[in-house]
Amino acid sequence: MQVGPFGTRSNFARIESRRVLTMLPRCFLFTLLLVVHLPVRSISGLPTVSVPPRPATWTVLLYMAADNDLEKPILADYNELERVGSSQQVQFVVQMDRESGAGRWIVEQDDHRKEIGASILMDLGKIDSGSVGTLEAFLVWGIEHYPAKHYALIIAGHGASWGGVAWDSSTGSYMKIVDLSDMLHRVAGNTGIGAFDVIAFDACLMGGIEVAEELSDNTNVMVASAQMVDYAGLNYEGFAQAILGQPDADGETFGGLLVQTFGDYYAPSGTSYMLVALDTAKIAGVITALDDLIAVLDPAQYEIVGDAYNRSFAYMADYYADLGHLAENVADLSDDETVSGAALALAQAIDEAVLQRVSGPVGVDASGLSIYFPHYTDMQPEYVAFLRNPVWGRWAAWVGEMKK
């Protein structure tokens, strides 16, 4: 896994007339990579899937949306997994979409670093990896054929916080967060697994409170970065070694290992990094505390909140503020005890929701949970349209009034 100096896993876009207009690197997005197709050994005819003799402890379902400029690094991620492979207790099941087509694999140990060692289980041809229906079909198939005590979902691709995830360059489509949540509810009902133990995003900017709130019923633990994620992505090899060594881990430990191994890899590199594991059962408390703070912020607080924002860690060229840092700064700056008390309650709720966090070399005081708070532009109207909790409408209205 090599850290690229400019590459990131973001496709943040300004949405106009329902079109996603790609902005160029480096501050906002990503640097294009040359697409490299790794040879794959495939089998002809209909796939034959072997069901394990007994359920595994973990089935890790990896949805790799690489029909875009991330094809090369995502293929490298797959090769990282192959250096470790699956075990009877921990199964890595992959669906990868590339420019040339898509397929499904069970990861097997293989030391070759430039080709996929496992035989393809299912050649899917051309698909739309930006469709929630495509992900739904993979999840239902994976859960049926690779039963386990625990299930984790990792989505790798481009991310844009509340704007969506898993951009498909061939179709121009992506998954809205509300659609992703609705689909995950269907999967839970149709398969009987209930909530996922862990949902992780190997994508930029997905560590937003808006995303965590929307998915809080779909998973027990959410792992994501509020920051830009380097092209190299998660530390797949390090994580695979760690979870195979602790196959009886619960969801909190699983998420913690993703975070820990991510930090282990990036800390010596000097590359900016951040990743958090969130207890989604605590997200409702964060939302209540945020709504309580919004309710006591009147026009007299505009300047104070502006100063607090300027002192807070920001993400994505100041499109997002670190919510925990912002709350702490509002509490420090406000002379109004009601406001400072509400801000402290929000900061405390966030602290309780964060199970584990790594960051550096900047953002060491950040909570790792962001909120949409554009500094130089107006709130995008899609912010409210793309989300359904009314708290986001109240937040957008307050920020809009503050900016007048």
Value of Rg/Rh across the chain [Cα atoms, Kirkwood radius]:
0.97
Of 116, 207, 340, which is farthest along the charge dipole of the chain in the positive direction, counting Lys and Arg as +1 and Asp and Glu as -1 at C-beta?
116
Using +1 on the beta carbon of Lys and Arg, -1 on that of Asp and Glu, and nothing else charged, what's the dipole of the range 283-403 about the Cα centre, debye to 20?
480
Lys/Arg +1, Asp/Glu -1 at C-beta; the chain dipole; positive extreme among 381, 166, 177:
166
Fewest to most neighbouring Cβ within 10 Å: what's the order for 129, 173?
173, 129
Using Cβ contacts closer than 10 Å as the measure, can you line up 225, 269 from fewest to most?
269, 225
Label-point separation in nm, residue 402 to residue 284, each point 7 Å along Cα→Cβ
2.7
How large is the Kirkwood hydrodynamic radius of the range 283-403, in angstrom, based on all distinct alpha carbon pairs?
14.5
On a 0 to 90 degree scale, rounded to 10, what angle separates helix 302-311 from the longest Cα axis of the chain?
40
How much of the DSSP bridge set in the chain is antiparallel, in percent, rounded to the nearest 5?
55
The relative contact order of the chain, taking Cα pairs under 8 Å that sit 6 or more residues apart, comes to a percentage of 15
Ranked by Cβ crowding within 10 angstrom, fewest neighbours first, how are 144, 71, 337 ordered?
337, 144, 71
Which aspartates and glutamates, on any chain, are close to residue 126 with Cα under 12 Å apart, when same-chain ones fewer than 8 places away are left out?
67, 97, 99, 168
Lys, Arg +1 and Asp, Glu -1 on Cβ, resulting dipole of the chain about Cα centre, debye, nearest 20:
1160
Let me have the relative contact order for the range 283-403, percent, based on Cα pairs under 8 Å that are six or more residues apart.
30
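In deg cm²/dmol and to the nearest 500, what is the mean residue ellipticity at 222 nm of the chain if only DSSP H runs of at least 4 residues count, each as -39500 (n - 2.57), divided by the residue total?
-11000 deg cm²/dmol
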Amide H of residue 150 versus every other amide H placed in the peptide plane: which residues, excluding those fewer than 5 positions away on the same chain, fall under 5 Å?
58, 59
Through the Karplus equation 6.51 cos²θ - 1.76 cosθ + 1.60, θ set to phi - 60°, convert the phi angles of the range 279-292 into ³J(HN,Hα) values in whole Hz; use x for Gly and Pro.
7, 5, 5, 9, 5, 4, x, 5, 5, 4, 5, 5, 5, 5
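Bear in mind these aren't lab numbers, they're just calculated from the coordinates by the rules spelled out. None of these values were measured; they are calculated from a predicted model. Because the Cβ atoms are built from the backbone with ideal geometry, glycine has one as well, and the counts that use them run over all protein chains shown.
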